[in-house]
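Below you'll find the structure, written out as structure tokens, and then a few comments.
The values are calculated or read from the model by the stated rules, or taken from the named source; none is laboratory data. These numbers come from a predicted model, not from an experiment. Note that each Cβ is placed from the backbone with ideal geometry, even for glycine, and that neighbours are counted across all protein chains shown. Side chains included, ligands, DNA and RNA excluded: accessible areas come from the protein's heavy atoms. Shrake-Rupley method; radii C 1.70, N 1.55, O 1.52, S 1.80 Å.
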Amino acid sequence: MFNFDHPVDRHGSWCTQWDFVADRFGDADLLPFTISDMDFATAPVVLEALQQRISHGVFGYSRWQHAEFLDAIVYWYQQRFQLTVDSQQIVYGPSVIYMVAQLIRQWSAPGDGVVVHTPAYDAFGKTIDASQRQLLAAPLEKRGQHWHCDMTQLENLLARDNCKIMLLCSPHNPTGKVWQAAELAQMAKLCQRHQVKVISDEIHMDMVMGNTPHTPWISVARGPYALFTSASKSFNIPALTGAYGFISQPEDRAQWMHTLKQADGLSSPAVMAIAAHIAAYRYGAEWLDALRAYLLANLRYVAGQLNQYFPELNWHPPEASYLAWLDLRPLGLDDQRLQQNLIKQQKVAIMPGDTYGVEGSGFLRLNVGCPRNKVEQGVERLINGIKACR
């Protein structure tokens, strides 16, 4: 019913991935597999909702605190996660990373520590640093094909006097790890023990590819928490802006809303984002499931090709997301040399692993959220680049 093989030319659409690839990689004529958006048009039901809104013709100030938006969120959590959520806990913001940054400032003071599992989404480190907080790294360890958190090491960080927040990425970006319910429950217990508040970024929650289901933090929480997310990744609508989340404590929500409206002047949401979320959550499940199947096939294609040419990699698709976290360490490559070959000779842009911290050295993050033909071209160029650098 949905044709994900159909290419959409994004050139000239002010697109970060295609039109501004030179900002990060230096060259403009590169085939990009970079920032985490997709080359697919969004779901037809979302397009229809947006077209109806455009046809209305008036784009005045709007609100998000109404039944259509709130009930759509409640419905999505019931249908996708078999979880009943409290609509009174819902808050809104322009983006997930804005909401994370704002709550870090609300829940801590300059110099305080924020625990982050590394390698980590690079915006986490930038936000923590810009807020004059300290990033407390809890490195994930790769064992076979799975990523593990050393809970003893994590507790040592949580026990520090200056540790106020654990910033969780669930599912984890860039590794693609889906946290097991038991792991989350153990972390919740540790955070409660040491009076550490939790911010859970769950923007990739709908993109689980494997058999381990996503467990929202709400299901395991023991103390004050916030869960922030959006339909932007799963339905490819980040340019509309708009995110939402849950803040557990009434006083924290009140302070959040005061800052959002009074200090930052963000009292009116992007009406297109509201319309898109309602349509996606009410009617978009079938499209999303078809998309996930297509993306998993793309990831399996990457695994098949890489393992055919480099059996020592034994690479497997991630448990979540369309971002292939490629562990090239068994090949003993020079990261800088490989990047230069990919850019200058292969004319392809793939995110270097050290973008996500020192723990990412030896890795690449390849975005396969695109038609198969593009994936095939990208993997071929990557293989040629690796061969040239061995």
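Below, the figures for the structure above:
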item	result
Cα-Cα separations in the range 253-348 greater than 18 Å, expressed as whole percent	70 percent
Within the chain, helix-based [θ] at 222 nm, where runs of 4 or more DSSP H residues each add -39,500 (n - 2.57), nearest 500	-12000 deg cm²/dmol
Accessible surface, 1.4 Å probe, highest first, among residues 108, 268	268, 108
Max mean-square fluctuation residue, GNM over the chain, Cα-Cα springs under 10 Å, options 182, 297, 320	182
Over 29 Å between alpha carbons, listed pairs 126/164; 126/374; 126/261; 142/164; 344/374; 177/344	126/374; 177/344
Distance cut-off 30 Å, percentage of C-alpha pairs in the chain lying past it	40 percent
Between the range 171-240 and the range 95-161, the Cα center-to-center distance that results, in Å	13 Å
Cα gyration tensor, the range 184-300 - rounded (a/c under 1.5), prolate or oblate	oblate
Cβ-derived FRET efficiency at R0 35 Å, residue 83 paired with residue 22, nearest 0.05	0.20
17 Å tail of the calculated P(r), the range 106-247, as % of Cα pairs	60 percent
Pairwise Cα inverse-distance average, inverted: Kirkwood Rh of the range 338-390 (Å)	11.5 Å
For peptides 307-318, 339-350, sequence by mean Cβ density within 10 Å, most packed first	339-350, 307-318
Mean Kyte hydropathy of -1.0 or more with a Cα span along the axis of at least 27 Å, helices from DSSP in the chain	285-309
Contact order normalised by residue count of the range 12-92, Cα under 8 Å, 6+ apart, percent	14 percent
Mean Cβ count within 10 Å, highest first, over the residues of peptides 228-238, 92-102	228-238, 92-102
Global size of the range 1-94 as Cα Rg and Dmax, reported in angstrom	18.3, 48
Ranking by accessible area, most exposed first, for 206, 335, 23 with a 1.4 Å probe	23, 335, 206
